[in-house]
Amino acid sequence: MTDTTSAPATTQESVEEFAARAERWLAENMPPIDPNDPPEHDRGEEEPWQRARELQKRLWDGGFAGICFPKEYGGLGLPIAYQKAFDNVSRCYELPVILNTPTFTICAATILDTGSEEQKRRHISAALRGEEVLVQLLSEPSGGSDLAGVITRADRKGDKWVINGAKTWSTSAFAADYGLMLARTNWDVPKHEGLTMFLVPINSPGITLRRIKQVNGSVEFCEEFFDNLELGDDAVVGEVDEGWHVASRQLYHERRAVGGGSEFASGVGAEGKSDVPIDYVALLEKTGQPDNERLREMAGRALVHRAVREQLIDHVYHGVLDGSLPPAAGSIIRIAHADIHHLEFDTALAITGSAGVVDVDGDLIRYGERYLSRQAAALGGGTTEIARNIIGERVLGFPREPAADRGVPFKEVRRNRG
């Protein structure tokens, strides 16, 4: 790698000057790729994560890490226009995009909003240097979509917190250094009021981590079991019993990240071939159906929705920024992402037909394989049904749905104890 010295970017440097400097640095320091045929990797393996750490360190050394993170925590402290400019000139280079979710766009962003000064200085800068991977430890085996109903418990014993319980569906936890974990610290108050968020070292004694094998063969997701895990007060993010505030900010960032609306991403682009946007013209040609009017219409509809989503992301981001939309409007992006994700995968499978399922020796089967994970888009960041409720109640001002456990001490709430 070329040892390029770059003057620190400031707001005095125009977006165009910043982009030009970034373009020169990228050409000298980062591996070129074809954005339509990027290097393939499996998020369930160790190697892509080590590679991402290396690439992130290059960005740090070159002065292009954390463009929108504040300077005091290792970033450049620049507006989103600079990040977008960097994204535009970096599309043809290999970047650590695997770190975007959940490390930067969710976890680091949440620590920025709710963490202590020490947590911000230590963990955000470490992530920007490529030294730490951060994950979420939220969902539980018996919790379903009711995140506030977590039963992993944190009991105060002397000067320590002792954690017992389990988490599941933790994305990439096997590759992480720290996880944001929500636990119950008070059972005598309603469920939203007795939670605390902790920043947990994944390799701590008392944590057993196991992989979850999905229907498509991926083992990216993990489950964790906590047996008398001990943590100090320095592990608390936010305030004790105020963990729902932290979790709400975390979910806000997750919904924006899932929809592609975060300013904290470390570059953009597909993580691998299976993540490249579908080229419908090429797919119609490959399947011998370029003149099929019905399929052409379906493909055109999908492309229109894709373009609308990009405009929606920009509109919601600036609306939340200037206050014309509440933060809960991030759920609009989340729903649009899921709906368009489903539309695109349904369209691709309609075009490939049976070849998307049985074309073992060709490359059409990858569309069938991608279809197997189709529903994940409706689950990440909370289900689509939850996102619709959030929009109705917090954006449109509709009355809240009735809830039998509202205002009831959590120890008195009937729940699944399986």
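The values are calculated or read from the model by the stated rules, or taken from the named source; none is laboratory data. The structure displayed is predicted, hence computed values, not measured ones. Here the Cβ is made from the backbone with ideal geometry for all residues, glycine too, and neighbour counts use every protein chain on show. In case anyone asks, the SASA skips ligands and DNA or RNA and just uses the protein heavy atoms, side chains included. Shrake-Rupley method; radii C 1.70, N 1.55, O 1.52, S 1.80 Å.
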Once phi for every residue in the stretch 226-242 is put through the Karplus expression 6.51 cos²θ - 1.76 cosθ + 1.60 (θ = phi - 60°), the whole-Hz ³J(HN,Hα) values, with Gly and Pro written as x, are 10, 10, 6, 5, 9, 9, x, 5, 5, 7, 6, 9, x, 10, 4, 6, 10
Rounded to the nearest Å, the spacing of the alpha-carbon centers of the stretch 225-281 and the stretch 139-209 is 15
Those helices of the chain passing the 30 Å axial Cα length cut-off and the mean Kyte-Doolittle cut-off of -1.0 (DSSP H runs only) are 293-322, 330-352
Over all viewing directions the Cα convex hull of the stretch 158-212 casts an average projected area in nm² of 4.7
With a Förster distance of 22 angstrom and the Cβ-Cβ distance between GLU230 and LYS411, calculated FRET efficiency to the nearest 0.05 equals 0.40
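With contacts defined as alpha carbon pairs under 8 Å and 6 or more residues apart, what's the relative contact order of the stretch 15-132 in percent? Walk me through the numbers on the way to the answer.
Values: 135 pairs, mean separation 41.2, N = 118.
So the answer I get is 35 percent.
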For the chain, whose charge dipole is built from +1 on Lys and Arg Cβ atoms and -1 on Asp and Glu Cβ atoms, the candidate among ASN292, HIS318, ASN186 with its Cα farthest towards the positive end is ASN186
Counting only protein heavy atoms with a 1.4 Å probe and every protein chain in place, the carbon and sulfur fraction of the accessible surface of the stretch 136-252 in whole percent equals 46
For VAL304 and VAL219, extending 7 Å from Cα along the Cα-Cβ vector and measuring point to point gives, in nm, a value of 4.5
Expressed in nanometres to one decimal, the distance between label points 7 Å along Cα→Cβ at VAL276 and ARG210 is 3.8
Summing -39500 (n - 2.57) over every DSSP H run of at least 4 residues in the chain and dividing by its residue count gives a helix-only mean residue ellipticity at 222 nm, to the nearest 500 deg cm²/dmol, of -11000 deg cm²/dmol
Note: the stretch 54-195, point scatterers on Cα, Debye, no solvent; log10 I/I(0) at q = 0.14 Å⁻¹ equals -0.75
The stretch 324-354 scanned against label point 7 Å out from GLU293 along Cα→C-beta; backbone N under 19 Å for 351
Probe 1.4 Å, heavy atoms of protein chains only: per residue, the accessible area of the chain in Å² is 47
At q = 0.14, 0.17, 0.19, 0.23 1/Å the base-10 log of I(q)/I(0) from the Debye formula over the alpha-carbon atoms of the stretch 171-276 is -0.74, -1.02, -1.17, -1.31
Relative contact order of the stretch 280-395 (C-alpha contacts under 8 Å, at least 6 apart) in percent is 28
The percentage of Cα-Cα pairs in the stretch 280-395 separated by more than 23 Å is 41
For the stretch 15-132, the percent of accessible surface on carbon and sulfur atoms (probe 1.4 angstrom, ligands and nucleic acids excluded) is 48
Mean separation of Cα contacts under 8 Å (at least 6 apart) over the residue count of the chain, i.e. the relative contact order in percent, is 16
For the stretch 170-254, listing trypsin sites (Lys or Arg not before Pro) in a DSSP loop whose Cβ sees at most 10 other Cβ atoms within 10 Å gives none
Taking alpha-carbon centroids only, the stretch 23-60 lies from the stretch 305-346 a number of Å equal to 27
